[in-house]
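Enquirer: One structure, pasted below without further comment.
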Amino acid sequence: MAVRVQREDFDVGAEIRRLTAERRDIGAVVTFTGLVRGEAKGQPITSMTLEHYPGMTEAELARVEAEAQSRWPLQASLIIHRTGELKPGDNIVLVITASAHRHAAFEAAEFLMDYLKTRAPFWKKETAPDGTGQWVDARDSDETALERWQA
Amino acid sequence: MAVRVQREDFDVGAEIRRLTAERRDIGAVVTFTGLVRGEAKGQPITSMTLEHYPGMTEAELARVEAEAQSRWPLQASLIIHRTGELKPGDNIVLVITASAHRHAAFEAAEFLMDYLKTRAPFWKKETAPDGTGQWVDARDSDETALERWQA
Amino acid sequence: MTEPYTARTTVKLLYFAWVREKVGRAEETVELPAGLETVADLVGWVKERGPEYAAAFERSDVIRAAIDQKHVRSSASIRGAREIAFFPPVTGG
Amino acid sequence: MTEPYTARTTVKLLYFAWVREKVGRAEETVELPAGLETVADLVGWVKERGPEYAAAFERSDVIRAAIDQKHVRSSASIRGAREIAFFPPVTGG
């Protein structure tokens, strides 16, 4: 039930502990962490810069999270998305879902990522070793991934 | 590419860092953590004891992990399962999958949990507040969950 | 009483990612002329504002819009909008 | 040269969870008589070893088996087995 947009890194273990502390009703916690890879389309990159739309980003993530809460019985959920300049190996995004049983936690985490990828107003720009920047193209497969939730 | 059966607790964040350290080819990390819930079938429990079959447990987990590796392009994976007496809120099991893209990581983590639940030789006994113990029954839904991987 | 939508209105326009880079600014406040009803109408008007706008909106079919921080289609009405954003398909996550 | 499977063989039997509790022991080494070919045959023989075994294997349809640390069906051959385990359906994870 929380959304954070921040430049700072996050600690997955600490976030899980915060969500599950003193709880006795959580049987399953799923986390997804997205990281910057060192190459894109076979070409090395030296950094990735994340631009976003302050205000709309938080609102859209909250809408996506509320939709997940309405579809699955979640005891807790969290979305953290970083902005600014990141390096290969750095964390980009964290999604955590907690439920009594594993299928709800898995499905809700996948749903959050699929929706976040196509709805949250973030844009990635990759920088090559020669300094040139390239905006990342949206992937058709991300749109396709949404269809399974719309049956 | 690792399996651990242990009495000690685990730290999800530390395990992720260990798997992804110095890697630049991992874009997605999924973790599943299973925890002891404070009640079973509506009745409170005070502890849960996990018995296992030393030797076969490790072998079976390694077989399940090898099967996941053969089905999805995983950069790394890890299964940790605890044994002995655990309390409500305690961690039971951790599965981590790392891949270039999110769908492989999600699917492989779900596969590992579905297989582990029906193949790894662990047995749970729950203790009620009055001290009586009750072996947990296997769930038909766990067998059903396997079918999606056998299409 | 709200003003009739044909009246002149002040609206904040925001641009992100390569739309922002091509336009050469992140945001601006503009007076819209009467007669613009939809996002598509607005795009047509914005394109006329100069060569940088024409270049930014050349592939206008791929550009997405949001009104007051909610995604909208190009057929959406801009009536009452205070903030309208234009951007490429999102690539977060 | 291996012994013919009809010869007497020594095998380690292991019991887990409620099978262990009902049998009253976690493991034992037994001499199998000639003529036992499958896991089902072995279960039939084990059940005759005493009332605690009869009670443990009463619901023998739900009891699972492993030979040398691999899951097997009740129709599996026990020929050459060194270690045979009996247990309820697993409930880990």
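Enquirer: Applying the selection to the range A:104-141, what residues are over 18 Å from C:F86 (Cα atoms), buried (at least 19 other Cβ atoms within 10 Å of the Cβ) and charged (D, E, K, R)?
Expert: Hits for the range A:104-141 are A:E107, A:E110, A:D114, A:E126.
For (1) under 11 Å from the mean Cα position of the chain (by Cα); (2) of a type outside the set (S, T, N, Q), each residue gets a yes or a no:
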site	(1), (2)
C:L13	yes, yes
C:L32	yes, yes
C:E37	no, yes
C:G44	yes, yes
C:S75	no, no
C:I78	yes, yes
C:G92	no, yes
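Enquirer: Looking at (1) in contact with a strand residue (DSSP E or B) (Cβ under 7 Å, 6 or more places away or on another chain); (2) closer than 24 Å to B:D90 by Cβ; (3) assigned to a helix (DSSP H, G or I), which is the only condition A:H103 fails?
Expert: (1) is the only condition that A:H103 fails.
Enquirer: For the range C:13-62, give me the residue count where each residue is among the small types (G, A, S) and farther than 24 Å from A:G133 by Cβ.
Expert: Matching residues across the range C:13-62 total 4.
Enquirer: Being in contact with a helix residue (DSSP H, G or I) (Cβ under 6 Å, 6 or more places away or on another chain) and more than 7 Å from every other protein chain (Cβ to nearest Cβ) is the filter here; which residues of the range A:103-118 pass it?
Expert: A:A108, A:F111, A:L112, A:D114, A:Y115
Enquirer: Across the range B:90-102, which residue is nearest to the other protein chains (Cβ to nearest Cβ) among those that are within 13 Å of B:V36 (Cα to Cα), in contact (Cβ under 8 Å) with a residue 60 or more places away in the chain and crowded, with 19+ Cβ neighbours inside 10 Å?
Expert: Per the criteria, the residue is B:V93.
Enquirer: Still on this structure, please answer the following. Kindly evaluate C:F86 against the criterion of being touching a residue at least 40 places away in the same chain (Cβ under 8 Å), within 12 Å of chain A (Cβ to nearest Cβ), buried (at least 20 other Cβ atoms within 10 Å of the Cβ) and in contact with a helix residue (DSSP H, G or I) (Cβ under 7 Å, 6 or more places away or on another chain).
Expert: It is true that C:F86 is touching a residue at least 40 places away in the same chain (Cβ under 8 Å), within 12 Å of chain A (Cβ to nearest Cβ), buried (at least 20 other Cβ atoms within 10 Å of the Cβ) and in contact with a helix residue (DSSP H, G or I) (Cβ under 7 Å, 6 or more places away or on another chain).
Enquirer: Go through the range B:40-82 and give me each residue that's at pLDDT below 95 and within 26 Å of D:F16 (Cα to Cα).
Expert: Within the range B:40-82, B:A40, B:K41, B:Q43 meet the criteria.
Enquirer: In the range A:111-148, which residues are hydrophobic (A, V, I, L, M, F, W, C), part of a helix (DSSP H, G or I) and either at pLDDT below 95 or farther than 19 Å from A:E51 by Cα (or both)?
Expert: Passing the criteria: A:F111, A:L112, A:A145, A:L146.
Enquirer: Wholly within the range B:1-89, which strands (runs of 3 or more DSSP E) include no fewer than the required count, namely at least 3 residues that are away from every other protein chain (no Cβ under 11 Å), in contact (Cβ under 8 Å) with a residue 12 or more places away in the chain and not polar (S, T, N, Q)?
Expert: B:2-6, B:74-82, B:84-86
Enquirer: Same structure again: Considering only the range A:117-133, state which residues are touching a residue at least 12 places away in the same chain (Cβ under 8 Å) and of a type outside the set (V, I, T).
Expert: A:K117, A:R119, A:A120, A:P121, A:F122, A:W123, A:K124, A:K125, A:E126, A:A128, A:P129, A:G133
Enquirer: Also: Could you check how many residues of the range A:49-96 are in contact with a Leu (Cβ under 8 Å, 6 or more places away or on another chain), over 21 Å from B:A105 (Cβ atoms) and hydroxyl-bearing (S, T, Y)?
Expert: 3
The values are calculated or read from the model by the stated rules, or taken from the named source; none is laboratory data. Small disclaimer: the values here were computed from a predicted structure and weren't measured. Don't worry about glycine lacking a Cβ; one is built from the backbone with ideal geometry, like all the others, and counts go over all protein chains shown.
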